[in-house]
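Asker: Before I ask anything, here is the structure I am working with.
The numbers here are math on the coordinates, done by the rules we state, and not lab data. In this text, all values refer to a predicted model and were calculated from it rather than measured experimentally. Note that we place each Cβ from the backbone using ideal geometry, even for glycine, and neighbour counts take in every protein chain shown.
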Amino acid sequence: MAGKCHVILIGPQGSGKGTQAARVAPRLRLVHVATGELFRQLMTRDDELAREVRRYYDRGELVPDELTLRVLVDHLERVEREHPGARGALLDGYPRNRAQAEALDRVLGERSDAIAAVVHLVVPRAVLIERLSGRLVCSTCGATYHVHFNPPLVEGRCDRCGAALVQRSDDTPEAIARRLDTYEQQTAPLLDYYRQRGLVVDIDGNQPIDAVTSAILAALEPVLAEPHRCPSS
Ligand code: ADP
Ligand code: AMP
């Protein structure tokens, strides 16, 4: 996506990144790029790479940085071919540690791309656990639901494509705890990295889904219209 401008979504597991990205990306001319979803698609294959990813994924551990970067860059190139008119990507789930943030800066620098903003979704831990325990995802298109907070129209079926809804293999109590700890230790410190560059917008993610969407749009629309933040607008 040469010369593009991208937005990063940062928040703990269950803070609503996937839910919100699906809603706001089309409104902002951004393409939703979720590394977790890329891995879930990859794991539907029957090969050694799929088995390697699953070993980390099911335990709630991060997939190695080098492999994750390769998957991300391949996908960004595909997005560029398939959505040439997009403003950039809405990155959900990447970067997750300092090495990934530095790799992203390098990759974007080579393309003369910019990071326009980093949206930080703030949600208390007890709420996250309640959300993750009831999360359902579409086995085909990746759309996200919740048994109580965001139920599908027809029980067990995706509103968007009609396929079966399933629980994620990493939404077990042990993997949830491990993922939230990894977030605190490795991902949350990235907020300082981006705050120093004046990029972070904090959003209260502990509100109804529509209210969070409105807050993100209200924060991002003016930022994306600023030529020095987003030259491609
Ligand atoms: P993340 O991508 O950050 O891990 P998700 O978007 O998958 O989070 O959301 C986690 C779960 O919480 C899902 O079941 C989703 O339906 C639900 N959820 C998302 N946002 C809200 C909200 N504002 N209020 C209540 N439940 C929510
Ligand atoms: P998510 O859907 O964002 O909750 O991610 C699910 C899982 O995919 C994580 O627990 C990791 O195993 C893997 N994953 C997703 N994004 C990354 C990343 N940026 N770096 C390493 N592993 C990742």
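Asker: Any idea how many residues of segment 128-143 are buried (at least 18 other Cβ atoms within 10 Å of the Cβ) and part of a loop (DSSP other than H, G, I, E, B)? Working first, answer last.
Answerer: Filtering segment 128-143 for residues buried (at least 18 other Cβ atoms within 10 Å of the Cβ) gives 128, 131-132, 135-138, 142-143.
Then keep just the ones that are part of a loop (DSSP other than H, G, I, E, B); that gives 142-143.
Residues that pass the stated criteria total 2.
Asker: Another question, then. In this structure, is Glu221 among the acidic types (Asp, Glu) and in a helix (DSSP H, G or I)?
Answerer: yes
For (1) away from ligand 2 (no atom under 12 Å from the Cβ); (2) in contact with a Cys (Cβ under 9 Å, 6 or more places away or on another chain); (3) not small (Gly, Ala, Ser); (4) not in a strand (DSSP E or B), each residue gets a yes or a no:
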position	(1), (2), (3), (4)
Gly85	yes, no, no, yes
Leu104	no, no, yes, yes
Val107	yes, no, yes, yes
Ile115	yes, yes, yes, no
Ala126	yes, no, no, yes
Tyr145	yes, yes, yes, no
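Asker: Identify, please: which residue in segment 58-74 is in a helix (DSSP H, G or I) and of a type in the set (Asp, Glu) and is, among those, surrounded by the most Cβ atoms within 10 Å (Cβ to Cβ)?
Answerer: My answer is Asp65.
Asker: Hey, can you tell me all the residues within segment 7-27 that are surrounded by fewer than 23 Cβ atoms within 10 Å (Cβ to Cβ), in contact (Cβ under 8 Å) with a residue 12 or more places away in the chain and farther than 22 Å from Leu128 by Cα?
Answerer: Answer for segment 7-27, where residues must be surrounded by fewer than 23 Cβ atoms within 10 Å (Cβ to Cβ), in contact (Cβ under 8 Å) with a residue 12 or more places away in the chain and farther than 22 Å from Leu128 by Cα: Ala25, Arg27.
Asker: Can you tell me which of Asp204, Asp171, Asp159, Asp181 is closer than 20 Å to Val123 by Cα and out of contact with any helix residue (DSSP H, G or I) (no Cβ under 9 Å at 6 or more places or on another chain)? Full working, then the answer.
Answerer: On the way: Asp204 fails: out of contact with any helix residue (DSSP H, G or I) (no Cβ under 9 Å at 6 or more places or on another chain); Asp171 fails: out of contact with any helix residue (DSSP H, G or I) (no Cβ under 9 Å at 6 or more places or on another chain); Asp159 fails: closer than 20 Å to Val123 by Cα.
Result of the check over Asp204, Asp171, Asp159, Asp181: Asp181.
Asker: Which one of these does Glu174 not meet: (1) of a type in the set (Asp, Glu); (2) within 16 Å of ligand 2 (Cβ to nearest atom); (3) not in a helix (DSSP H, G or I)?
Answerer: Answer for Glu174: the failing condition is (3).
Asker: Can you find, within segment 185-221, the residue that is farthest from ligand 1 (Cβ to nearest atom) among those that are of a type in the set (Asp, Glu) and in contact (Cβ under 8 Å) with a residue 40 or more places away in the chain?
Answerer: Ranking the qualifying residues of segment 185-221, first place goes to Glu221.
Asker: Additional query: Looking only at segment 1-34, count every residue that is in a loop (DSSP other than H, G, I, E, B) and of a type in the set (Lys, Arg) and tell me the total.
Answerer: 2
Asker: Would you be able to say whether some residue in segment 41-51 is touching a residue at least 60 places away in the same chain (Cβ under 8 Å) and either more than 20 Å from Ser139 (Cα to Cα) or buried (at least 20 other Cβ atoms within 10 Å of the Cβ) (or both)?
Answerer: No.
Asker: When only residues in segment 185-218 that are assigned to a loop (DSSP other than H, G, I, E, B) and of a type in the set (A, V, I, L, M, F, W, C) count, which is farthest from Arg131 (Cα to Cα)?
Answerer: Checked segment 185-218; the qualifying residue farthest from Arg131 (Cα to Cα) is Leu199.
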